[in-house]
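The values are calculated or read from the model by the stated rules, or taken from the named source; none is laboratory data. These figures come from a predicted structure and were not determined experimentally. Backbone-built Cβ (ideal geometry, glycine too); neighbour counts: all protein chains shown.
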Amino acid sequence: MESNRSFFINNLPKSLLFLGILIINIFNSQESPAKIQENLDIPKVVSYRLSSCSCCKKWVNHLRDNGLEVVDNIVEDISEIKKQYNVPNNLRSCHSAKIGNYIIEGHVPIKSINKLFEEKARISGIAVPGMPHGSPGMETHSHASHSHNYDTYEVVSFSKNGKTKIFELISP
């Protein structure tokens, strides 16, 4: 009995230390995208959209909710912005944005924007062509069912010469 008590007393500090480290790692492993932004130098987002597009406003809110500062510009002709930024025709969507030297086209998730700035890719920008169901701004919220059949979609990178390639595949 005495040896059990001695073992417990001798190992208590080590056990408490291990438990503390375990708890800290559990909480730190669940960093939100907003927390990740603190470690990245992501400049202010300058967004361009039509006033009539509600999904574009939701995308702007997605960026703000994840810690980015966004200037939301309402424009009459979004196609002029796309021409100015040399967004390839096959990648065009309903809104465009500029973040630093990068062009962001369409419903690009914060995860891909973070990846772009982490990698400091030598490209003109990234795009989500079309309006995939489940991409930021294109989510549906049904009270009847909690299951969603969101699409898997591609985030595509593009260069000034129009060359494109898959930057990231987003799965629901």
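Residue by residue, here is whether (1) at pLDDT below 95; (2) surrounded by fewer than 17 Cβ atoms within 10 Å (Cβ to Cβ); (3) of a type in the set (D, E, K, R); (4) out of contact with any helix residue (DSSP H, G or I) (no Cβ under 9 Å at 6 or more places or on another chain) holds:
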{"residue": "G106", "(1), (2), (3), (4)": "yes, no, no, no"}
{"residue": "L116", "(1), (2), (3), (4)": "no, no, no, yes"}
{"residue": "I126", "(1), (2), (3), (4)": "no, no, no, no"}
{"residue": "P132", "(1), (2), (3), (4)": "yes, no, no, yes"}
{"residue": "S142", "(1), (2), (3), (4)": "yes, yes, no, yes"}
{"residue": "Y153", "(1), (2), (3), (4)": "yes, no, no, yes"}
{"residue": "S157", "(1), (2), (3), (4)": "no, no, no, no"}
{"residue": "N161", "(1), (2), (3), (4)": "yes, yes, no, yes"}
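How about segment 106-127: which of its residues are within 17 Å of L50 (Cα to Cα) and either among the small types (G, A, S) or free of Cβ contacts under 8 Å to residues at least 40 places away in the same chain (or both)?
Listed by number, the list holds a single entry, G106.
I need every pair where a residue in segment 48-69 that is closer than 15 Å to E139 by Cβ has its Cβ under 6 Å from the Cβ of a residue that is of a type in the set (S, T, N, Q), sequence separation at least 6 or different chains.
V60/S47
For the subset of segment 69-104 comprising residues that are within 24 Å of L169 (Cα to Cα) and small (G, A, S), which member is surrounded by the fewest Cβ atoms within 10 Å (Cβ to Cβ)?
Result: G100.
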